[in-house]
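Novice: One structure is given below, represented as structure tokens, and several questions about it will come after.
Every read-out reported here was derived from the displayed coordinates using simple, explicitly stated rules and does not represent laboratory data. This one's a predicted model, so the numbers in the text were calculated from it and none came from an experiment. All Cβ positions, glycine included, derive from the backbone under ideal geometry; neighbour counts span all protein chains shown.
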Amino acid sequence: MHHLAPYQAGLWLAEYLNIRCQLCAVYRSTPQSKLSPTQSLLRPSLSDQHSSFTKIIEQFHQRFSSGLLCTSCHNSITWLPKPFEVDITAGRTLTIRAATYYDYPIRQAIRAFKHHEDMTKLPLLLHVLRQLPRPHGCHHDNSVIVAMPTTDERLIKRGFDPVSILAAHLSKHWDIPLWKGVKRIDNTVSQQGLTRAERLSNLDNAFTLSAPAAVKRLILFDDVATTGASLQALARTLSNDPSISSNNKYHLWAYALAHGSQS
């Protein structure tokens, strides 16, 4: 989890020592366990493991964790919009689920983190990320997370890979490892501002596999799924892997931090 090291100290300060809401900075933040029942269940409970040690750790966490958002700000955000589907092969679709919409204040936070490496926005984005329910039946022994890859040119230009950082935190939260068997080989332009047809055309032959995955359950992840074109292209590449027999295809899920806009 070397992705987490440069950012962990700031996250600890935000989540455990800062008692103010990360969004409004007015009200006291609320621990995850005190939020609505739906959201609070999405964070794995250490006490579920039924050992005295983990129960003590859980009690310690509940006592000292102040959370990231106040109840009002948390409830002002629309969580878990309806999933949508995209076609990947004949007779096969990919369901894409997002934690929230790409609206204010999440849109501004994503842009600041993604384009300016503003680490003050990362705690809010991780709060959003934690709303995603882990796919049913997926765990660390039978599944991997595939973060949307970037090109070497973009990585050099930006200086860091925001999607891989978010995916590393999702990996830690779900206890499912990352898999880096897909490379992005295109020199396409940014997807922003393109129509759906232009996005798909822009992503032709954008990905290549370096090796087959050791497991058959692959969870695709991107930061923003506007039309789902990037996740669709990635899923098509995995579905067309010539090293996988037709009766032994990958099982694919797709998740994003944010989807489109509800306006």
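Novice: Amide H to amide H, which residues 5 or more places from Tyr101 or on other chains are under 5 Å from it, using H placed in the peptide plane?
Specialist: Thr78, His259
Novice: Report for segment 78-259 the percent antiparallel among DSSP-assigned beta bridges with both residues inside it, nearest 5.
Specialist: 30
Novice: A further question follows. Could you work out how far apart the two model spin labels at Ile244 and Thr151 are, taking each label as a point 7 Å from the Cα in the direction of the beta carbon, and quote it in nm?
Specialist: 2.5
Novice: Could you tell me what % of all Cα pairs in segment 78-259 have separations over 29 Å?
Specialist: For segment 78-259, the fraction of Cα-Cα distances above 29 Å is 15 percent.
Novice: Let me ask something else. Express in whole angstrom the spacing between the alpha-carbon centres of segment 81-116 and segment 132-188.
Specialist: Using only Cα atoms, the two centres lie 15 Å from each other.
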